[in-house]
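What follows draws every value from the coordinates through simple rules; no lab data is involved. All values reported here derive from a predicted model rather than from experimental measurement. Note that we place each Cβ from the backbone using ideal geometry, even for glycine, and neighbour counts take in every protein chain shown.
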Amino acid sequence: MRDWLAQRAGATPDAEALVAAASGTEWTYAELDTAVAEVAGSLAALGLAAGDRLGVFLDTRIEYVTLVHAAMRLGVRLVPVSSRLTEAELGPRLATADVTAVVCGDDTEQRAVEATTETEHTPAVPVVSLDEPQWERVTRLQTVESVPVDPHDWDRGEPLVSLFTSGSTGEPKLVVLRVGNVLSSVVTLGFRLGVDPDDRYLATLSQHHTGGLMPLYRAVVAGTSVVLRTGFEPGPAADDIRTYDVTGVSLVPTMLRRMLDARGTLADSLRVVLLGGAPAPAELIRRCRDYSVPVHPTYGMTEAASGITVATPQEAFDRPDTVGRPLVWTDLSVRDDDGTELPPGEVGEFVVDGPTVTTGYYDAPEQTAAAFGPHGLQTGDVGYRDEEGYVYVLNRKDDRILTGGENVDPGEVVGVLRDHPHVDDAAVVGVPDEEWGERVAALVVRSGSSTTATDLEAFTRERLAGFKLPRTIRFTDALPRTDSGSVERPEVRERLAADAATSIGDAETTDDTGETTHTDERDEADGGSREDGRAADETPATGEGDEPARDPAELLPEVERDDPADLGFETELETDTDDQSHDEH
C-alpha cells in the first residue's frame, strides 16, 4: 500500500487536515501532501532510502507532522526520541536504533551533535536541523534541494515506527511497530469511539509516545482534522478546545486536572477525552462527572501500539477504578506465574495478544523472549477482570516508577547515584505524590558526611532527564536488606513515603537525623506521558514559562501557504504474526 497521506489526499483533497492552534492557519489534505512531498524529496536528496531509520529529536512543532508522513512516503522507519534526553541518554538510544540520520531543532542541536559524534567504536551520524545550524557539520533541511521520489509500497508486516520504552532492568528497549500494528490500533480505537468526518482532535502530547504519535496516523486514515498545540499550557489548551470546536483530546490525569483548575470545565464540543499514562484518581473522575466531561480512562502500552482497553464515560462514573474492556481483536487474559489463566476477581499478570501487539524488540532476542510467552505479551502489570469483563489495574510486577505519566527505572537512577564519588550505595523507589501520582525518592548511603542532597541533585541533573531526578533524598547508615542481601523495598518505600508526605511545599528540609527532602520543582518540560507508550505526555510543572507557539509560516518548506501542524488517528486490519520473528529484520 502507498502511504496513508497520499491515499487520503487523493480521496478528500479539500478536507481540512491541520490547524495551527497558535495562529489559526489551516491546511487541507492536498496542501499537506504537497508539503510532505517537498520534505520527502529533501530527505531523499540527503541519501535516505527505504529501510533506513530516521531519528527525530524534536519538541512538538509543525514540522513533526511532515516528517512523520515523509518518512512513510520514502519507506523510512521513524525513530522518535524524547527531546528531554541528555546527551548521555540520547547516544545509546540512537546507537541501539542504528539510525541513519537524526533530525533536530535549535534547542536540541547541541545534544544531537554530541550524541552522534564519531568515536573509536562508532561512526558519526549525520545531523539535520529544521533551524539555522550552529554546528558546521549540521545541514539545514530547508536548504537541501528536493528531488522527485517514488512512494514506497508498504506491506503490513514491514516495520513502520520504533519507540523506546524502559524495561525493568533499566536498559532502553526499542519497540518495533509494524504497519499492521499501527493500522489495527487505528481501526480498533475508531470502532470503539466512533468517527465523525467533522472531528477535530487537539494534539497536546509528545510524539515520542504512542499517545502523541498515534493521533498523527489516525487523522489521515479517518480523514479528520488535528489542531496542533506546540507546548502544553492548561488554560490556553482548554481555550483551544472552545475556539476550534475540538471533539477529542488525549491527556494524562495531571493535564486534565490542570485544565479543569484553569477553566472550571471544558467546552461542550468535546465528545472524547482519552485519559491515560497514569491511574485516574477517583476525585478527578468525579469532577468529570459533575461537569459533564466525557472522560474515557484507558490502559495501554507501546508494545500494543497504545490502546488495550477503553472505558466509556458512564462506565468510568459507575466504576471509578476501571479502565474499561479490551478493544476489538485484543485478547487480555489474567494469569498466574505458571501461565494459568485466572477466573474473574483473581489478581494476576495481564497477558495481551492481538494484531496491535508488536512482534518484539529491535535487535534484542533475549528481551523479546522474556516478554513473550505462549499466550502473548506478558505486560508486567498486575490486576483483575470482573464478571462482566471490566479490567482493573492494581500495580506493576517490577519496580518501575510512574511519575506524571513517565516511566522511570529505579536501577538507572541508582546507577547514577552510585557513580557519585561520595555515595556508597542507594535504593530508589516511587512514593505517592498528589501532583504526579508518584515521585522518585532515594535512600542513600554516603561515604562522605559532607555530601548534601543539593550536591546529589546537581550531580544527577547533569546525567538524567528531569523527570528521573530524585525529588526526595534521605541519608542512612545502611540500606535495609533481606537475609539474601536484596534491598527491602517495602521498608525503603515506607521510610521515604513518610518523608515525602511531610515535605511537599518545602524547598529543602533537613532534620537532626540527616534526612533531606526536595520538592518537585520540575524543569519546564518535565511531567507528562508514559514512555512505554501507556498513553500520553507533555505536562510541564506549571503553565507559565512555556515557549510561545511557533508561527507556522516560519516552519516548513513553503506550500501555497506554509506548512502543517499535527495529525491524529488510528486504524487497521489484522497483522500476520505467525511467520514473523520477534524482532525487526
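Just subtract the alpha-carbon distance of Arg2 and Glu114 from 0.36 nm times their residue separation and send over the number in nm, one decimal.
Length gained, Arg2 through Glu114: 36.7 nm.
What trypsin sites (Lys or Arg not before Pro) in region 79-161 are in a loop by DSSP, with at most 16 other Cβ atoms within 10 Å of the Cβ?
Arg137
Quick check on region 177-327: of the DSSP beta bridges with both residues there, what percent are antiparallel, nearest 5%?
30 percent
Could you line up Ser250, Ser333, Ser292 from fewest to most neighbouring Cβ atoms inside 10 Å?
Arranged by neighbour count, lowest to highest, Ser250, Ser333, Ser292 become Ser292, Ser333, Ser250.
Over the Cα atoms of region 118-210, what Rg and Dmax result, in angstrom?
Spelled out, the Cα radius of gyration and Dmax of region 118-210 are 18.9, 55 Å.
Within a 10 angstrom radius of the beta carbon, how do Leu469, Leu46 rank from fewest other beta carbons to most? Write down the numbers at each step before the final one.
Values: Leu469 25, Leu46 15.
Ranked by crowding around the Cβ, least crowded first: Leu46, Leu469.
What is the calculated FRET efficiency for Phe191 to Ala370, with r their C-beta to C-beta distance and R₀ = 35 Å, to the nearest 0.05? It would help to have the intermediate numbers written out before the result.
Numbers: r = 32 Å, r/R0 = 0.91.
That pair, Phe191 with Ala370, gives E of 0.65.
How do 366-378, 98-110, 58-70 rank on mean C-beta neighbours within 10 Å, highest first?
Most protected by this proxy first, the peptides run 58-70, 98-110, 366-378.
How would you order 334-340, 243-249 from highest to lowest mean count of nearby Cβ atoms within 10 Å?
Result, highest mean first: 243-249, 334-340.
Run the simple label-point estimate for Asp398 and Asp153 please: 7 Å along Cα→C-beta, distance reported in nm.
Here the modelled spin labels are 4.0 nm apart.
Looking at region 293-365, which GluC sites (Glu not before Pro) are in a loop (DSSP not H, G, I, E or B) and have at most 16 other Cβ atoms within 10 Å?
Sites meeting the loop and neighbour criteria: Glu346.
Taking the number of other C-beta atoms within 10 Å as the exposure measure, put Phe475, Phe317, Phe467 in order starting with the fewest. Could you put the intermediate results ahead of the total?
On the way: Phe475 20, Phe317 15, Phe467 29.
Sorted ascending by nearby Cβ count, the order is Phe317, Phe475, Phe467.
What is the distance, in nm, between label points placed 7 Å from the Cα along the Cα-to-Cβ direction at Glu457 and at Asp386?
That separation, rounded to one decimal, is 4.3 nm.
Scan around Leu342 for amide H atoms under 5 Å from its own, H built in the peptide plane at 1.01 Å from N, and keep only partners 5 or more places away or cross-chain.
Answer set, sorted by chain and number: Val334, Arg335, Asp336.
Looking only at region 413-493, where both bridge partners belong to it, what percent of the DSSP beta bridges are antiparallel (to the nearest 5)? Can you show the working numbers first?
Numbers: 11 of 15 bridges.
In region 413-493, DSSP labels about 75 percent of beta bridges as antiparallel.
For labels at Ser450 and Arg242 in the simple 7 Å Cα→Cβ model, what's the distance in nm?
If labels sit at Ser450 and Arg242, their model points lie 5.7 nm apart.
Going out from 0 in 10 Å bins, what whole percent of all Cα-Cα distances in region 16-65 drops into each bin?
Final binned percentages: 22, 44, 29, 5.
Just subtract the alpha-carbon distance of Thr265 and Thr122 from 0.36 nm times their residue separation and send over the number in nm, one decimal.
Full extension from Thr265 to Thr122 adds 46.3 nm.
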